[in-house]
Every structure is written in structure tokens, then in C-alpha cells.
Amino acid sequence: VAGYSWSANTKFENVVSIAEMQVDWTGNASNSGFLGIAKYNCTFTGCVSAVKFTGNQGYNQGFVGWMSGGLATIKNCISIAEATGTAANASYSWGNTANAAKFSISNSYSVATAADGSSTLSNATYTTAADIASGKVAYNINQTAGTTVFYQNLGENADAYPVPFNTHAKVYAN
């Protein structure tokens, strides 16, 4: 969505970022589904990052490529970041764990990348693509939030992941 954020209060609310990125860079890529680099505080609420990275350089993140300052607050969000080949090198579902103290994650779920297994951000909850597609994650986030954050069409013409748009169906427990 943006390469660099200079704003002291960058906010994303109810945004879905769907992207495929071919990475061909000889240094730290710092790509992401939302912000490449954030200099100050940034907030994500009710957002989904469904991003796929391929190519020859790693350090590609689901939400923020690099936090150079401030705090990334992630609440009621979903990250489905996929990085393959050498693009998977140090590519995390939320953000670079070298900045772990600069991330505050609550009631949010992600499918773990290969790098997530070696170093995770605190309060990050990892799940499977099947749980996301089934509506389980949408239901869990909504229950914890105490309101409907995500909707998802299930069954015929099903959504692969929840969206924050009420044009889709509300998810109930089965």
C-alpha cells in the first residue's frame, strides 16, 4: 500500500491488501502487504494481508517491512503471507522480528512462514490456511472482539479468507 510512512499516526482500518510481489533486490527488501518502512507509530485494525513473495531476496513481511521507530499496533487482523525460494529468507508473517519490541499484536492470527518458526513476535497466534478458509479464525476474532470484525462466505462460492465487509456473510459457530 505504501513504501514509507512518515506520519506520526498512520492508521489502516478494515483494509484488505492482496498482492503478489516478484522481488529482485540485492539487499534487504523490506517489502510488505501494507508498509515497507514505518518511521513512527502505525495502527492496523480489522485488516487482512494476503501477500505472496517470490524471487531472490528475503526480508519480506506480511504487514510492516521494517519499523525504524515507533510501535506497530496490530489488532483483530489476519496475515496470510507466503514467501517461497530465497524470498523466504527472514520473511515473517507480521514484521521483522529484529524489531520485536516495536510490535504490539492482539487478537490476530497468521499462517506461519518458514521464518516464523525460528523467531516469533509475542502474542502472535499462528493457525492454518484451512482454519482461515473454514471461518474458524473469523469466528474466533469476532468472539474475542465482542463485535463482528470479519465476515466470510462459506460453502458454495466460499471466501478463501475473511473480509471486514458486511456484504459477505456473518460467521456463526457450528
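Below, the figures for the structure above:
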quantity	calculated
Hz values of 3J(HN,Hα) by residue in the range 60-71 - Karplus curve (6.51, -1.76, 1.60), Gly and Pro given as x	10, 10, x, 10, 10, x, 7, 9, 7, x, x, 9
Residue among ASN140, ASN157, ASN123 with the largest mean-square fluctuation in a Gaussian network model of the chain, springs linking Cα atoms under 10 Å	ASN157
Cα gyration tensor category, rounded, prolate or oblate, for the chain with a/c compared to 1.5	prolate
Under 20 Å from LYS102, Cα to Cα: lysines that are on another chain or at least 8 residues apart	LYS11, LYS39, LYS75
GNM flexibility winner over the chain from SER17, SER68, SER93 (Cα, springs under 10 Å)	SER68
Top of ILE37, ILE78, ILE18 by mean-square fluctuation, Gaussian network on the chain, Cα under 10 Å	ILE18
The chain - charge dipole about Cα centre, Lys and Arg +1 at Cβ, Asp and Glu -1, debye rounded to 20	440
Apportionment of accessible area to carbon and sulfur, the range 42-174, percent (1.4 Å)	49
Under 15 Å, Cβ to Cβ, from GLY58 - net charge with Lys/Arg +1 and Asp/Glu -1	-2
Whether the range 1-80 is rounded, prolate or oblate, judged on the alpha carbon gyration tensor where a/c under 1.5 counts as rounded	oblate
Accessible area per residue in Å² at 1.4 Å probe, computed on the chain	46
Whole-number percent relative contact order across the chain, with pairs defined as alpha carbons under 8 Å at least 6 apart	17
Rounded tilt (10° steps) of 136-145 against the dominant C-alpha axis of the chain	90
Loop trypsin sites (Lys or Arg not before Pro), the range 89-174 (other Cβ atoms within 10 Å of the site Cβ: 13 or fewer; DSSP)	LYS170
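The values are calculated or read from the model by the stated rules, or taken from the named source; none is laboratory data. Computed from a predicted model, the values in this text were never measured in an experiment. Please note: Cβ atoms are built from the backbone with ideal geometry, for glycine as well, and neighbour counts cover all protein chains shown. Accessible surface areas use protein heavy atoms only, side chains included; no ligands, DNA or RNA. Shrake-Rupley method; radii C 1.70, N 1.55, O 1.52, S 1.80 Å.
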